[in-house]
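The values are calculated or read from the model by the stated rules, or taken from the named source; none is laboratory data. Keep in mind that this is a model prediction, so the values were computed, not measured. With ideal geometry, Cβ positions are generated from the backbone for all residues, glycine too; neighbour counts draw on all protein chains shown. Note: accessible area is taken over every heavy atom of the protein model, side chains too, but ligands, DNA and RNA are not part of it. Shrake-Rupley method; radii C 1.70, N 1.55, O 1.52, S 1.80 Å.
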Amino acid sequence: MSERTLLATRRYCRLCAEPGEFGPFVPGEPYTGLCPGCVTAGRPTRAGLERAVVIVARQNLAAVESVVLPLATPDELTYYVCTLKRSLCSLLQLFARVGGEGR
């Protein structure tokens, strides 16, 4: 029996080993083969996603602040502008409508 067939025929949750039939494991899909409890625990909340976006944007901006603009090479300036754009876009997406919610 091949490893792929073995993975598809397991009768328990891939994460917590709870017995039951939770569907086949599909490598391209993140929640296949997991019990409902593990799926619920693995989905981040809106507040958690917002905190993560702010933390990553803050880290990116801290790295960019170390660039001395008058002495920067063209590559460093490109990195600076692209990082600012990425951070701003990720922060603005927090205020975008999500699934019909008005914010």
Next item on the list: For residues that are modelled with pLDDT under 75 and in a helix (DSSP H, G or I), scanning just the stretch 1-40, find the one that is most open to solvent (accessible area, probe 1.4 Å).
Entry: Arg4
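Identify, from the list Gly100, Gly48, the residue that is modelled with pLDDT under 80 and surrounded by fewer than 10 Cβ atoms within 10 Å (Cβ to Cβ). Walk me through how you get there before you give the answer.
Details: Gly48 fails: surrounded by fewer than 10 Cβ atoms within 10 Å (Cβ to Cβ).
From the options Gly100, Gly48, the qualifying one is Gly100.
Could you say whether any residue in the stretch 48-64 is of a type in the set (Gly, Ala, Ser), closer than 13 Å to Leu94 by Cα and without any contact (Cβ under 8 Å) to a residue 24 or more places away in the chain?
Narrowing the stretch 48-64 to residues of a type in the set (Gly, Ala, Ser): 48, 52, 57, 62-63.
Keeping just the survivors that are closer than 13 Å to Leu94 by Cα gives 48, 52, 57.
Within this subset, residues satisfying the condition of being without any contact (Cβ under 8 Å) to a residue 24 or more places away in the chain are 48, 52.
For the stretch 48-64, residues of a type in the set (Gly, Ala, Ser), closer than 13 Å to Leu94 by Cα and without any contact (Cβ under 8 Å) to a residue 24 or more places away in the chain: present.
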